[in-house]
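Asker: Pasting a structure below so you can have a look.
The values are calculated or read from the model by the stated rules, or taken from the named source; none is laboratory data. As the structure is a prediction and not an experimental result, all values here were calculated from the model. In this analysis, Cβ positions are derived from the backbone assuming ideal geometry, glycine residues included, and neighbour counts consider all displayed protein chains. The area values use the complete protein model at the heavy-atom level, side chains included, leaving out ligands, DNA and RNA. Shrake-Rupley method; radii C 1.70, N 1.55, O 1.52, S 1.80 Å.
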Amino acid sequence: MSGRDRETRERLLRTAARLFAERGFRKVTVREICRAARANVAAVNYHFGDKLGLYREVLQLATGVLQATTDAARQAGEGCTPDEKLRRFVHVHLRRMLGERDDWFPRLINREVADPTPALDTLVEQGLRPRLEYLAGIVAEILACPPSDPRVMRSVVSVQAQSVAYLPSAIGVRLGQKTRLTPAEIDDIARHVSEFSLAGIRALA
């Protein structure tokens, strides 16, 4: 692939990521992507096969972000107590999720979950399941029970839901939520989510 081809491919990916995150897979056309990316309309077929092929590549980028965040949280918690593992998981997760200036990937994931495409399985198996399994292992340690205990997954969902609630949204803005947070504010939120979650999990034990 020539340098020009690589540059065109990257430009298509960046543009498609933004448009798919804003409007979803079904409401964006190849022609719109190519126009915004300043590329020939045949470029999508040349580089990705078709629109779904392009979307799969974009979703793979988002999956990679999820994987990298989970890996970072796992490394941060190595050798720590279960309580501290959960704290570090939440801190790493929120710092990366709320500290990003380009928030296309959480918006893209939310759209994929709300209106699934054939690419959903890859996102779940490579990005979401490993994260939830890691967090479930931490919760099971705190509860001193097997990961299959119903309390474990309910607690995992509660931890995740608290974090996702801080993502910028139209509803959040109307309720006074800030769209940009400072690092100190993100750390304060992470401490709250961590301690609130730990107290609830301990109460279930």
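Asker: Pick from D187, D71, D50 the residue whose mean-square fluctuation is largest in a GNM of the chain, springs joining Cα atoms under 10 Å.
Answerer: Checking each option, the largest mean-square fluctuation is seen for D50.
Asker: Report, in degrees rounded to the nearest 10, the 0 to 90 angle that the Cα long axis of helix 183-204 makes with the longest principal axis of the chain.
Answerer: 50 degrees
Asker: I'd like the orientation of helix 129-143 relative to the chain: the angle between its Cα long axis and the longest Cα principal axis, in ° from 0 to 90, rounded to 10.
Answerer: On a 0 to 90 degree scale, this one is about 10.
Asker: When the Cα centres of the stretch 75-96 and the stretch 1-34 are compared, how far apart do they sit, in Å?
Answerer: 35 Å
Asker: Carbon and sulfur atoms: what percent of the 1.4 Å accessible area of the stretch 23-90 do they account for?
Answerer: 48 percent
Asker: Could you please state how large a percent of the accessible area of the stretch 112-165 is carbon and sulfur, counting protein chains only and using a 1.4 Å probe?
Answerer: Carbon with sulfur: 61 percent of the solvent-accessible area.
Asker: Moving on to the next point. Could you state how much accessible area L66 has, in square angstrom rounded to the nearest 10, with a 1.4 Å probe and all protein chains kept in place?
Answerer: Only protein atoms counted, so the area is about 10 Å².
Asker: Give the lysines whose C-alpha is closer than 21 Å to that of K27, dropping any in the same chain fewer than 8 places away, or say none.
Answerer: Once the sequence-local lysines are set aside, what remains near K27 is K51.
Asker: While we're looking at this one, here's another question. Which of rounded, prolate or oblate describes the stretch 73-131 when judged by the alpha-carbon gyration tensor and an a/c cut-off of 1.5?
Answerer: Taking the square roots of the gyration eigenvalues as a ≥ b ≥ c, the stretch 73-131 is oblate.
Asker: May I pose another question? Given the C-alpha centroids of the stretch 100-135 and the stretch 136-205, what is the distance between them in whole angstrom?
Answerer: A separation of 18 Å, based on Cα centres.
Asker: Hey, can you find the accessible area per residue of the stretch 1-56 for me, probe 1.4 Å, expressed in square angstrom?
Answerer: Counting only protein heavy atoms, the per-residue value for the stretch 1-56 is 58 Å².
Asker: Oh, and also: For the peptides 152-158, 36-42, 105-111, 88-94, what is the packing order when you average, over each peptide's residues, the other Cβ atoms within 10 Å and list the highest mean first?
Answerer: 88-94, 105-111, 152-158, 36-42
Asker: A further question on this structure: Once Lys and Arg get +1 and Asp and Glu get -1 on their Cβ, which of A37, L123, S197 lies farthest toward the positive end of the dipole of the chain?
Answerer: My answer, from the dipole projection, is A37.
Asker: Further, regarding this structure: Under the rule a/c < 1.5 gives rounded, and otherwise a/b versus b/c splits prolate from oblate, where does the stretch 113-173 land using the Cα gyration tensor?
Answerer: oblate
Asker: Name the shape class, rounded, prolate or oblate, that the alpha-carbon gyration tensor gives for the stretch 42-149, where a ≥ b ≥ c are the square roots of its eigenvalues, rounded holds for a/c under 1.5, and otherwise prolate holds if a/b is larger than b/c and oblate otherwise.
Answerer: Taking the square roots of the gyration eigenvalues as a ≥ b ≥ c, the stretch 42-149 is prolate.
Asker: Can you give me the angle between helix 3-23 and the longest principal axis of the chain, using Cα atoms only, in degrees from 0 to 90, rounded to the nearest 10?
Answerer: On a 0 to 90 degree scale, this one is about 60.
Asker: Name the aspartates and glutamates eligible as straight-distance cross-link partners of K85: C-alpha to C-alpha under 16 Å, and not fewer than 8 places from it in the same chain.
Answerer: Within reach: D71, E133, E141, D187, E195.
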